[in-house]
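Shown next, in structure tokens, is the structure this report addresses.
The values are calculated or read from the model by the stated rules, or taken from the named source; none is laboratory data. Because the structure is predicted, anything quoted here is derived from the model rather than measured. In this analysis, Cβ positions are derived from the backbone assuming ideal geometry, glycine residues included, and neighbour counts consider all displayed protein chains. Quick note on the areas: whole protein, heavy atoms, side chains included, nothing else; ligands and nucleic acids left out. Shrake-Rupley method; radii C 1.70, N 1.55, O 1.52, S 1.80 Å.
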Amino acid sequence: MEISLLKVLLKNISSFFHLPSPENRTSEFVGKYYQKIEEILKIIKPVLESILDTEVASDESVQKEFAGLSQCVDELREYFEDCHPLMSKVYFVMQVESLYAKVRDQSLELFELLKSSPKGLPSELSSSSLEHCIQKIKPMGYDKASAIISEAIRDQSEGSGPNADSRSKIADFLSLRTNQELLIEAVALEKLKENAEQAEKIGDLECIEEMIALVTHMNDCLVEAKQSQSNNPVPIPADFCCPLSLELMTDPVIVASGQTYERTYIRKWLDLGLTVCPKTMQTLAHTNLIPNYTVKALIANWCESNNIKLPDPVKTMSLNQPKSPDSARVTGSPVKSLISSSGVHQEGTSPVHHVQSSSEDSLPGLPENGHELPELGELNLDSGGQSSTGAGITEKSSEGHQRTVSTSSTHSNTNFSQELSHEANEESATQAASAYSSDASGELPPERRPVATAPTPRREHEFSPRFETRSRNQLWRRPSERFGPRIVSSPTTETRPDLTGVETQVKKLVEDLSSTSLDEVRNATGELRLLARHNMDNRIVIANCGAISLLIGLLRSSDEKVQENAVTALLNLSINDNNKTAIANADAIEPLIHVLETGSSEAKENSAATLFSLSVIEDNKVRIGRSGAIRPLVDLLGNGTPRGKKDAATALFNLSIFHENKARIVQAGAVRYLVELMDPAAGMVDKAVAVLSNLATIPEGRAAIGQEGGIPVLVEVVELGSARGKENAAAALLQLCTNSSRFCNMVLQEGAVPPLVALSQSGTPRAKEKAQSLLSYFRNQRHGSGGRG
């Protein structure tokens with residue numbers, strides 16, 4: 001067995017040496033990394049071959065080094081095999097440099113062990129020759145780009161942002177100098193993020209999100225520098241510039257997402273094999289390019305008025321676009337390792353992943369296979385052609401955006417509750433769409449839980465205080481908001497009890513809930529928590545055995561673990577609609593509020609999630625609102641963990657459907673937090689705008705939205721948000737404008753007309769209706785209709 005580990009290591013090294021040489025090359029830095037790794041492995045391999053059949057190879061400590069080296073080499077081989085022109089450069093460098101450092105360190109440790117081994121070395125391998133190998137390996141380093149990237153990420157997370165020198169080094173080393181190269185890198189990272197979410201690799205997910213934030217920041221800085229270096233005496237309106245070239249558009253076209261680009265640049269983007277919108281990261285339903293005559297006419301008028309000459313997009317293309325071979329178009333299989341026989345790459349295209357889909361910032365549903373339900377806004381994305389009439393709007397306006405929020409309780413509840421379903425659709429479609437279907441800790445049943453081993457790290461995001469401080473051309477990101485499983489590390493998570501014996505087991509656990517032994521109570525609540533997430537039969541049995549009232553009593557336990565287990569068990573039980581009613585009727589609301597106010601972070605999150613689940617029942621919306629739950633929910637929205645904020649937002653949305661609760665939510669100060677959470681970096685844009693949509697239907701809500709700076713961000717979402725986000729933002733703006741001439745003027749000043757025109761032509765049916773109503777209202781106001789102040 002021991003010697004087989006050495007054989008596996010040698011096999012992995014040989015596989016690395018024999019990586020196929022592709023017809024096309026990627027960036028030179030990939031070849032440099034291959035060469036460095038190859039160099040160190042060429043030193044190691046002869047030593048390993050010389051001890052293959054010796055006693056020293058069976059030493060336990062030596063075997064440990066074999067195993068570690070073998071794993072690292074195999075992972076390196078996989079990374080180089082998967083290299084292709086559309087991969088993430090940042091991620092590649094971070095992973096490969098980390099593995100290279102491990103190979104180097106483990107090789108040194110192995111050679112030191114061999115030198116000191118009492119079992120003796122083969123005659124051809126002396127201590128002096130090993131020492132020579134050690135001295136050759138010690139000075140071997142790498143470019144340490146990962147250290148610069150890590151420092152930049154740390155500066156970014158601390159709020160100061162990486163300095164210009166760090167950004168320049170990263171851009172030069174990774175060839176991320178142009179706007180398009182940065183956007184392509186962002187697409188690749190979004191794909192990696194999506195894969196990490198689906199595989200529930202929580203550690204990878206957080207690292208990738210940090211990389212996305214860094215690339216976004218670099219893109220923002222590039223855009224700002226581009227704008228400051230403009231030779232035009234008159235600032236160019238942002239809506240007239242192509243998001244890819246950052247230049248004034250001469251032939252604007254609309255893509256399936258509703259965004260407008262310079263034809264030459266977006267065609268080149270699509271020819272690279274990228275089928276996502278560069279600005280919104282939405283997957284494009286088709287690649288048709290529709291002339292945007294409205295914007296073209298506005299640009300022509302603006303140029304004439306300001307004596308500006310249109311640029312030639314073909315001449316500027318080479319300065320703004322990365323080179324790429326025709327084969328850069330990515331299909332189903334990745335391009336094999338981009339390494340020549342000598343291990344050195346020639347210059348080629350910028351590697352980036354090809355993103356097939358990009359998750360939206362909406363509340364997710366997680367069905368039984370562990371994958372997300374499709375977003376409602378994505379299912380019927382209307383991406384028809386744009387009309388040249390501009391919906392009757394002819395005035396020139398500055399950049400801006402708008403978006404409506406649903407005011408229909410039925411429509412809104414359907415959207416939100418479908419997105420919030422976590423677990424199995426063991427219930428009817430209605431139940432699965434209207435309730436949390438998983439442990440509040442996000443646990444999935446073993447029989448359908450994707451592989452995951454680590455608990456979710458809890459770390460607060462840094463949120464920018466207000467959207468207005470960000471550049472309008474900022475890379476607008478809509479992070480996915482899947483409720484990643486919150487796995488409990490317990491042996492019982494790996495077994496599912498025989499359903500025939502569940503009732504006996506539950507009765508014993510229910511008895512233990514009243515035990516005087518704290519350990520027994522902890523164990524009982526933990527076991528019930530896990531059983532309640534397994535299937536509907538378990539939930540029914542647990543409720544029928546009288547566990548609900550006892551679990552509610554334990555919500556006031558002074559033991560943190562007991563309280564967490566009890567609230568999570570109640571959340572899992574509440575997946576069943578009958579249990580929702582039973583839990584509410586057992587006076588659970590006030591104890592749940594107690595947990596919201598005094599519990600641990602996890603307990604607060606799961607209490608908010610339980611309140612959301614209970615609020616699916618209409619009568620419970622009233623009871624929860626009148627019981628004082630709204631203020632602690634708003635506090636969690638503003639000061640909780642990222643997951644806590646999301647759980648609070650979902651609960652507040654459902655509660656806001658009941659008219660009486662809207663004023664309570666506004667009075668508790670929710671609008672300020674909701675506006676802050678509309679920063680795309682928070683990953684909660686769709687949630688926040690959906691709640692604001694409902695609050696915009698009352699005077700207090702509209703006043704708070706205006707006072708807290710909500711209008712600019714709502715306008716921005718109309719242009720850059722998800723399909724549902726645009727729809728809800730447009731509805732909110734319609735409420736604001738039709739009830740206040742002052743707000744109407746503010747919306748117009750934010751440049752809402754161009755994105756509204758685009759939305760009226762390419763949005764969802766409801767979004768089109770709201771956008772058209774708002775444009776019609778603007779037109780009527782301009783023609784003399786009065787408005788309220």
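Rundown of residues vs (1) surrounded by 23 or more Cβ atoms within 10 Å (Cβ to Cβ); (2) farther than 27 Å from Val717 by Cβ, yes/no style:
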| position | (1), (2) |
| --- | --- |
| Asn578 | no, yes |
| Asp635 | no, no |
| Lys645 | yes, no |
| Ala663 | no, no |
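Of all residues in segment 248-304, those satisfying the criterion of being touching a residue at least 24 places away in the same chain (Cβ under 8 Å), surrounded by fewer than 17 Cβ atoms within 10 Å (Cβ to Cβ) and part of a helix (DSSP H, G or I) are Asp271, Tyr293, Ala297, Asn301, Trp302. Among the residues of segment 24-54, just one is of a type in the set (Lys, Arg), modelled with pLDDT under 85 and crowded, with 17+ Cβ neighbours inside 10 Å, namely Arg25. Counting only residues that are crowded, with 24+ Cβ neighbours inside 10 Å and not in a helix (DSSP H, G or I), how many does segment 734-750 have? Final tally of qualifying residues: 1.
For segment 228-247, a residue qualifies if it is crowded, with 20+ Cβ neighbours inside 10 Å and either of a type in the set (Val, Ile, Thr) or assigned by the TED database to the domain that holds Val757 (or both), and exactly one does: Ile236. Search segment 92-104 for residues that are outside the structural domain of Leu176 (by the TED database) and within 21 Å of Ile44 (Cα to Cα) and pair each with any residue that is part of a helix (DSSP H, G or I) and of a type in the set (Gly, Ala, Ser) when their beta-carbon atoms are under 7 Å apart and the residues are at least 6 apart or on different chains. Here the result reads Glu97/Ala145; Glu97/Ser146; Ser98/Ser146, each pair linking segment 92-104 to a residue that is part of a helix (DSSP H, G or I) and of a type in the set (Gly, Ala, Ser).
If you check Leu571, Leu592, which single one turns out to be outside the structural domain of Leu695 (by the TED database), within 29 Å of the chain's Cα centre (by Cα) and either farther than 27 Å from Asp537 by Cβ or open to solvent by less than 10 Å² (accessible area, probe 1.4 Å) (or both)? Break it down into steps so the answer makes sense when it comes.
Working: Leu592 fails: within 29 Å of the chain's Cα centre (by Cα).
Checking each option against the conditions leaves just Leu571.
Going by the structure shown, is Ala225 among the hydrophobic types (A, V, I, L, M, F, W, C), surrounded by fewer than 21 Cβ atoms within 10 Å (Cβ to Cβ) and within 26 Å of Ile170 (Cβ to Cβ)? Considered against the rule, which asks whether it is among the hydrophobic types (A, V, I, L, M, F, W, C), surrounded by fewer than 21 Cβ atoms within 10 Å (Cβ to Cβ) and within 26 Å of Ile170 (Cβ to Cβ), Ala225 comes out as yes.
Within segment 159-168, can you find the residues that are touching an Asp or Glu at 6+ places or on another chain (Cβ under 8 Å), assigned to a loop (DSSP other than H, G, I, E, B) and under 16 Å from Thr216 (Cβ atoms)?
Gly159, Gly161, Pro162
Which of the residues spanning segment 704-721 are small (Gly, Ala, Ser) and either within 13 Å of Ile665 (Cα to Cα) or touching a Phe, Trp or Tyr at 6+ places or on another chain (Cβ under 6 Å) (or both)? Write out each step before concluding.
Kept after step one, since they are small (Gly, Ala, Ser), are these residues of segment 704-721: 704, 706, 709-710, 721.
Across segment 704-721, the qualifying residues are Ala704, Gly706.
Taken over segment 675-685, residues that are open to solvent by less than 10 Å² (accessible area, probe 1.4 Å) and in a helix (DSSP H, G or I) amount to 4. In segment 733-750 there is no residue matching the filter, namely being in contact with a His (Cβ under 7 Å, 6 or more places away or on another chain) and at pLDDT below 95. For segment 55-65, the set of residues classified as within 15 Å of Val8 (Cβ to Cβ), more than 37 Å from the chain's Cα centre (by Cα) and crowded, with 16+ Cβ neighbours inside 10 Å consists of Ala57, Val62, Gln63, listed by residue number. So, Ala731, is that one in a helix (DSSP H, G or I), in the same structural domain as Ser773 (by the TED database) and free of Cβ contacts under 8 Å to residues at least 24 places away in the same chain or not? When the stated conditions are applied, Ala731 does not pass them. Might you let me know whether segment 696-714 holds any residue that is assigned to a helix (DSSP H, G or I), under 20 Å from Ser656 (Cα atoms) and in contact (Cβ under 8 Å) with a residue 60 or more places away in the chain? Within segment 696-714, one or more residues are assigned to a helix (DSSP H, G or I), under 20 Å from Ser656 (Cα atoms) and in contact (Cβ under 8 Å) with a residue 60 or more places away in the chain.
For segment 130-144, which residues satisfy the criterion of being assigned to a helix (DSSP H, G or I) and touching a residue at least 60 places away in the same chain (Cβ under 8 Å)? Explain how you work it out, then say what you get.
Looking only at segment 130-144, we keep the residues that are assigned to a helix (DSSP H, G or I), and these are 130-137.
Those that are assigned to a helix (DSSP H, G or I) and touching a residue at least 60 places away in the same chain (Cβ under 8 Å): Leu130, Cys133, Lys136, Ile137.
Filtered by the rule that a residue be part of a helix (DSSP H, G or I) and touching a Ser or Thr at 6+ places or on another chain (Cβ under 7 Å), segment 51-61 gives a lone residue, Val56.
Filtered by the rule that a residue be outside any helix (DSSP H, G or I) and modelled with pLDDT under 90, segment 516-544 gives a lone residue, Asn535. Pairing each residue of segment 207-223 that is not assigned by the TED database to the domain that holds Ser168 with any residue that is open to solvent by 10 Å² or more (accessible area, probe 1.4 Å) and in a helix (DSSP H, G or I), provided the two are 6+ apart or on different chains, yields no C-beta distance under 7 Å.
Within segment 231-266, the set of residues being farther than 13 Å from Asn288 by Cβ and hydrophobic (A, V, I, L, M, F, W, C) comprises Val234, Ile236, Ala238, Phe240, Cys241, Cys242, Leu244, Leu246, Leu248, Met249.
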